[in-house]
Every structure is written in C-alpha cells, then in structure tokens.
Amino acid sequence: MELRAQYIGELEQNGPELLNWPHYGKIVDKMDMHHCHLNKRKPIYVVVWKVAERTVKLMEIRYVDTHENANYSRID
C-alpha cells in the first residue's frame, strides 16, 4: 500500500506530529496519542499511534482500521 509507506516514511523523518495529514490531531485525554485519516473517501481509514519513548524516538502504531469502527477510548 503506497499510502502506508508514505505515512511511515513521514513518521520516521518528521516525528509524531503530521500537521499536513488530513484530520491530524492529538487524542484528548490520552498522553502522547495521535491520529489522522489515511484517505478522504468512505470507508475512511484512521491510524492511531503513541509516542512510547521520546529519548529513543520510539512510536507505536496502535490502530489502523475504518473511522467508523474506531473507539478511541479503548485504544491504549
């Protein structure tokens, strides 16, 4: 999937804040959790990632699925 490779490349190069991606944002009440939409048409796919360790620049992708199925309160 070309989009996935582009997304991972940008995370590796620029860090966890992808300000130029659609609907990027920090998840409220979740420390160091971020999300963005991977596409604009339905079904909309969402990716959620967490900054696990800042000193070694480690991020973990926690969720990739449709926006309709996303339950941010259950993602740790």
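The values are calculated or read from the model by the stated rules, or taken from the named source; none is laboratory data. Since this is a predicted model, take the numbers as computed values, not measurements. FYI the Cβ positions are ideal-geometry reconstructions off the backbone, even for glycines, and counts take in every protein chain you see.
Residues of segment 12-21 being surrounded by 11 or more Cβ atoms within 10 Å (Cβ to Cβ) and without any contact (Cβ under 8 Å) to a residue 40 or more places away in the chain, which ones?
N14, E17, L18, W21
So, H23, is that one at positive phi, modelled with pLDDT of 85 or more and not small (G, A, S) or not? Talk me through it step by step, then tell me what you get.
Numbers: at positive phi: yes; modelled with pLDDT of 85 or more: yes; not small (G, A, S): yes.
Criteria met by H23.
Run E60 past the list (1) under 19 Å from N14 (Cβ atoms); (2) part of a loop (DSSP other than H, G, I, E, B); (3) of a type in the set (D, E, K, R) and report the number of the one that doesn't hold.
All conditions pass for E60, except number (2).
Before we move on, is Y24 over 10 Å from the mean Cα position of the chain (by Cα), surrounded by 11 or more Cβ atoms within 10 Å (Cβ to Cβ) and not basic (K, R)?
So Y24 does not fit the description; no.
Find all pairs meeting these conditions: Cβ atoms under 8 angstrom apart; at least six residues apart or on different chains; first residue within segment 34-46 and of a type in the set (K, R); second residue surrounded by 11 or more Cβ atoms within 10 Å (Cβ to Cβ).
K40/P22
Would you pick out the residues in segment 53-67 that are closer than 17 Å to G25 by Cα and among the aliphatic types (A, V, I, L, M)?
M59, I61, V64 - these are the residues of segment 53-67 that are closer than 17 Å to G25 by Cα and among the aliphatic types (A, V, I, L, M).
Rundown of residues vs (1) in a helix (DSSP H, G or I); (2) more than 10 Å from the chain's Cα centre (by Cα), yes/no style:
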{"position": "L11", "(1), (2)": "yes, no"}
{"position": "L19", "(1), (2)": "no, yes"}
{"position": "V28", "(1), (2)": "no, yes"}
{"position": "V46", "(1), (2)": "no, no"}
{"position": "W49", "(1), (2)": "no, no"}
{"position": "D76", "(1), (2)": "no, yes"}
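Give the residues of segment 1-11 that are exposed (fewer than 12 other Cβ atoms within 10 Å of the Cβ) and touching a strand residue (DSSP E or B) at 6+ places or on another chain (Cβ under 9 Å), sorted by residue number.
Of everything in segment 1-11, just one residue is exposed (fewer than 12 other Cβ atoms within 10 Å of the Cβ) and touching a strand residue (DSSP E or B) at 6+ places or on another chain (Cβ under 9 Å), namely L3.
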